[in-house]
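The values are calculated or read from the model by the stated rules, or taken from the named source; none is laboratory data. Everything quoted here is computed from the prediction, not taken from an experiment. Cβ: placed from backbone, ideal geometry, glycine included. Neighbour counts: every protein chain shown. What goes into the accessible areas is simple: the full protein's heavy atoms, side chains included, and nothing from ligands, DNA or RNA. Shrake-Rupley method; radii C 1.70, N 1.55, O 1.52, S 1.80 Å.
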Amino acid sequence: MPDNGLIQKRDAHEMAHGRPVQITERTTVTELQPSLSDVVCANKKLQIGFIVALVVLALLSGFVARPHFADTKTWDSTIEVIDQKKGNVLALTASCVALSAGITALPGDTGTPVAEQLAQLSGNLGIVLAVLYLEKYLLTILWSVGLGILIPLALVLFAVSLGIHGRWSTSAVLRRVATRVLVVAMISMALVPASVWVSQKVDETYRVSIEQAEQKAADAADAADTTDKSAETSSKSNKKNPRPRSPKTCSNS
């Protein structure tokens, strides 16, 4: 009887449910798909063409696109929207401060909780105002940095990675760094315009809802006015044309 520590070898044929089963091993070989850099660098002329195109795009981004988008005149409509929001927030902040001071001046402690809430609201509105000021100045700064530094750097890194592809192992690292720099540049550049666009859409939605509510209220008021006028007209006509009285019959006693 064999010991428990012995390992018995079996043939490739084993018995399972009374039938011989042959155990075979299958190996799956996965072929790596060529990347875009492999396809481009396979042709020397195509590789040089891509490198030249990336360098030209980097120069255009730094010397042509950056001066245009860094100018405040390019963003007149966006800055106008930000200034409008800033004026609204300033008005609300001044109103909250005035109401809080007025309620605090009242005798007694009845209005103290309301005054504290108004003071807290004015503080929150101050944060919103600071964000609006920051958006106004970051709009041109982020586009200037993105088009003047980040995007040209990413394009140059892509060009260098194509130039050393297949010869240096740092080619893949440069591509990853260039991709991350490009993504950061695009997100930072689209941050302020996207926030302004979202705020405009929200305002339009609320404006439409308010206009619809006002229209319904006006229609209801017109309907009530029409009903009152018709009732008044009918009452006046009844007063002018009283109903004839039936003659009284005298009974003989």
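Would you mind finding the one in K73, K136 that is charged (D, E, K, R), part of a helix (DSSP H, G or I) and over 20 Å from the mean Cα position of the chain (by Cα)? Write out each step before concluding.
Working: K136 fails: over 20 Å from the mean Cα position of the chain (by Cα).
Only one candidate qualifies: K73.
Between a first residue in region 112-126 that is within 13 Å of G102 (Cα to Cα) and a second residue that is among the hydrophobic types (A, V, I, L, M, F, W, C) and at pLDDT below 75, which pairs have beta carbons less than 9 Å apart while being 6 or more apart in sequence or on different chains?
Filtered contacts from region 112-126: A115/L106.
Pairs needed: first member in region 84-103, open to solvent by 50 Å² or more (accessible area, probe 1.4 Å); second member anywhere, modelled with pLDDT of 80 or more and among the aliphatic types (A, V, I, L, M); C-beta distance under 8 Å; at least 6 residues apart or different chains.
Once the first residue is open to solvent by 50 Å² or more (accessible area, probe 1.4 Å) and sits in region 84-103, its partners that are modelled with pLDDT of 80 or more and among the aliphatic types (A, V, I, L, M) give L90/L129; L92/L125.
Would you check if S195 is small (G, A, S), open to solvent by less than 50 Å² (accessible area, probe 1.4 Å), touching a residue at least 24 places away in the same chain (Cβ under 8 Å) and more than 30 Å from S37 (Cα to Cα)?
Numbers: small (G, A, S): yes; open to solvent by less than 50 Å² (accessible area, probe 1.4 Å): yes; touching a residue at least 24 places away in the same chain (Cβ under 8 Å): yes; more than 30 Å from S37 (Cα to Cα): yes.
Yes: the conditions hold for S195.
Here's the yes/no breakdown for (1) at pLDDT 95 or above; (2) open to solvent by 60 Å² or more (accessible area, probe 1.4 Å); (3) over 30 Å from E80 (Cα atoms):
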{"position": "L139", "(1), (2), (3)": "no, no, no"}
{"position": "L142", "(1), (2), (3)": "no, no, no"}
{"position": "G163", "(1), (2), (3)": "no, no, yes"}
{"position": "W168", "(1), (2), (3)": "no, yes, yes"}
{"position": "A172", "(1), (2), (3)": "no, no, yes"}
